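Visitor: Before I ask anything, here is the structure I am working with.
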Amino acid sequence: MTRGRTGLIIGGAFGLAFIAVNAGAAAPLTVPLRLLAIAAFVGLFFASRPPAAGAGADATARTAPAEPAAPAARTAFGRRYWLVVAAEAVAALAGLFLTARVFHAPHLAVACIALVVGVHFFALAAVWRQTSLHVLGAAMTACGAAGLLLGVAGAGAAAVSAVAGIAPGVLLLASAWWSALAARPRAAL
């Protein structure tokens with residue numbers, strides 16, 4: 001599996017997890033949301049596969065300009081990536097401790113996680129030199145912040161889960177799909 005595909009599968013898996021864990025708060029839509037998320041993830045797994053040998057090679061050669069750096073080189077899972085992931089894990093654990101033990105508001109945990117995951121995309125954008133990750137980072141950070149604000153304002157767990165759990169899951173799956181489709185060779189016209 002290529003590093004680029006691994007990144008898409010990781011993003012899609014976290015999107016699936018966000019939705020699966022938080023769909024319970026959307027009582028009448030729990031099962032459909034989970035099934036749609038599973039279908040989106042399974043579809044992503046197949047859509048992100050490289051084309052069969054020779055399939056689309058002629059179209060790719062005619063329509064795709066050569067890139068100065070291979071995508072795999074930009075999305076390497078090297079030391080800087082693991083430092084970002086370690087910092088994300090520490091921030092997430094600190095946030096979980098604060099929401100549960102200090103503020104006694106465990107329903108805000110998902111908002112804290114969404115906020116931390118959103119911020120981590122800004123760091124990954126710098127590490128991988130992929131400015132497109134800023135959009136996903138901003139959207140996820142906004143979902144997390146909105147969930148925290150809703151919780152502080154007295155909104156229930158269902159509202160927080162929808163804004164800071166289900167919406168980020170959809171964002172992660174949609175972003176992974178967008179990237180998978182953008183990476184596919186273009187068909188000849």
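The values are calculated or read from the model by the stated rules, or taken from the named source; none is laboratory data. These numbers come from a predicted model, not from an experiment. So basically every Cβ, Gly included, is an ideal-geometry build from the backbone, and we count neighbours across all protein chains shown. Side chains included, ligands, DNA and RNA excluded: accessible areas come from the protein's heavy atoms. Shrake-Rupley method; radii C 1.70, N 1.55, O 1.52, S 1.80 Å.
Visitor: When residues of region 137-153 are filtered for being over 17 Å from Ala26 (Cβ atoms) and modelled with pLDDT of 95 or more, how many remain?
Guide: 11
Visitor: If I ask for residues that are in contact (Cβ under 8 Å) with a residue 60 or more places away in the chain and hydroxyl-bearing (Ser, Thr, Tyr), which ones from region 133-186 would you list?
Guide: Ser161, Ser175, Ser179
Visitor: Further question on the same structure: Return a yes/no flag: does region 124-136 have any residue that is modelled with pLDDT of 95 or more, in a loop (DSSP other than H, G, I, E, B) and open to solvent by 40 Å² or more (accessible area, probe 1.4 Å).
Guide: No, the conditions are met nowhere in region 124-136.
Visitor: Now, a different point. Please verify whether region 29-48 includes one or more residues that are open to solvent by less than 30 Å² (accessible area, probe 1.4 Å) and modelled with pLDDT under 85.
Guide: No, region 29-48 contains no residue that is open to solvent by less than 30 Å² (accessible area, probe 1.4 Å) and modelled with pLDDT under 85.
Visitor: When you go through Leu108, Leu181, Leu172, Leu115 one by one, which is the residue that is closer than 28 Å to Pro50 by Cα and buried (at least 22 other Cβ atoms within 10 Å of the Cβ)?
Guide: Sole residue among the options that is closer than 28 Å to Pro50 by Cα and buried (at least 22 other Cβ atoms within 10 Å of the Cβ): Leu172.
Visitor: Determine if region 174-189 includes at least one residue that is at pLDDT 95 or above and in contact with a Cys (Cβ under 7 Å, 6 or more places away or on another chain).
Guide: No, region 174-189 contains no residue that is at pLDDT 95 or above and in contact with a Cys (Cβ under 7 Å, 6 or more places away or on another chain).
Visitor: Determine whether Ala164 is in a helix (DSSP H, G or I) and open to solvent by 20 Å² or more (accessible area, probe 1.4 Å).
Guide: no
Visitor: Turning to a different aspect of this structure: Hey, any hits in region 145-160 for a residue that's within 20 Å of Gly11 (Cβ to Cβ) and of a type outside the set (D, E, K, R)?
Guide: yes
Visitor: Which of the residues spanning region 1-22 are at pLDDT 95 or above and either touching a Cys at 6+ places or on another chain (Cβ under 8 Å) or among the small types (Gly, Ala, Ser) (or both)?
Guide: Across region 1-22, the qualifying residues are Gly12, Ala13, Gly15, Ala17, Ala20.
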